[in-house]
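Here's the structure we're looking at; comments come further down.
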Amino acid sequence: MIYVSLLVLSGIFVVLSTRNALVWFIGVELMLVGCGLLFVIGGNLHNDPAKGQLFAVFIIAVAAAQAAVAFALILNVYRKYDTIRLDKINSLKERD
């Protein structure tokens with residue numbers, strides 16, 4: 001459980017402290033891995049490891065979809081604004 005809390009807390013720290021979009025999504029991935037590990041541990045503690053593993057597989061699938069969408073968004077933002085720093089992107093209007 002300590003490792004799970006370290007993963008989730010490090011993910012939260014990364015999300016709150018960075019301005020780089022790519023690093024921000026890595027922080028979100030850390031939090032998702034921590035939650036998946038928590039479900040596996042919880043399933044083993046309640047003598048039903050299949051349910052915990054099923055939730056963990058679902059979280060892995062959601063994380064993979066999130067990574068694909070995030071990568072596509074980062075590529076489009078970089079093409080449009082020439083940066084992936086979130087504090088430099090301050091407008092959603094069309095840029096000339």
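Where a number appears in this text, it was derived from the coordinates with a stated rule and is not lab data. Since the model is a prediction, treat every value here as computed from it, not as a measurement. Quick reminder, even Gly has a Cβ in these numbers, built from the backbone with ideal geometry, and neighbours come from all protein chains shown.
What do you reckon, is Phe58 within 15 Å of the chain's Cα centre (by Cα) and either assigned to a helix (DSSP H, G or I) or touching a residue at least 60 places away in the same chain (Cβ under 8 Å) (or both)? Spell out how you get there, then give the answer.
Numbers: within 15 Å of the chain's Cα centre (by Cα): yes; either assigned to a helix (DSSP H, G or I) or touching a residue at least 60 places away in the same chain (Cβ under 8 Å) (or both): yes.
Considered against the rule, which asks whether it is within 15 Å of the chain's Cα centre (by Cα) and either assigned to a helix (DSSP H, G or I) or touching a residue at least 60 places away in the same chain (Cβ under 8 Å) (or both), Phe58 comes out as yes.
The residue that is nearest to Gln66 (Cα to Cα), among those in segment 8-20 that are among the aliphatic types (A, V, I, L, M) and surrounded by fewer than 18 Cβ atoms within 10 Å (Cβ to Cβ), is Val15. The residues listed here are Val40, Val77; of these, the one that is within 20 Å of the chain's Cα centre (by Cα) and within 23 Å of Ser17 (Cα to Cα) is Val77.
Can you name the residue in segment 17-49 that is polar (S, T, N, Q) and assigned to a helix (DSSP H, G or I) and is also nearest to Tyr3 (Cα to Cα) among such residues?
Narrowing segment 17-49 to residues polar (S, T, N, Q): 17-18, 20, 44, 47.
Retained after the next criterion (residues that are assigned to a helix (DSSP H, G or I)): 17, 44.
Numbers: Ser17: 21, Asn44: 16 Å.
So, considering only residues that are polar (S, T, N, Q) and assigned to a helix (DSSP H, G or I), the one nearest to Tyr3 (Cα to Cα) is Asn44.
In a loop (DSSP other than H, G, I, E, B) and more than 20 Å from Val4 (Cβ to Cβ): is that true of Lys88 in this structure? Yes, satisfied. For Ile12, the stated conditions hold: it is of a type in the set (Val, Ile, Thr), in a helix (DSSP H, G or I) and within 16 Å of the chain's Cα centre (by Cα).
So is Val69 of a type in the set (A, V, I, L, M, F, W, C) and either under 19 Å from Leu7 (Cα atoms) or not in a helix (DSSP H, G or I) (or both) or not? Break it down stepwise before answering.
On the way: of a type in the set (A, V, I, L, M, F, W, C): yes; either under 19 Å from Leu7 (Cα atoms) or not in a helix (DSSP H, G or I) (or both): no.
Against the criterion (of a type in the set (A, V, I, L, M, F, W, C) and either under 19 Å from Leu7 (Cα atoms) or not in a helix (DSSP H, G or I) (or both)), Val69 does not qualify.
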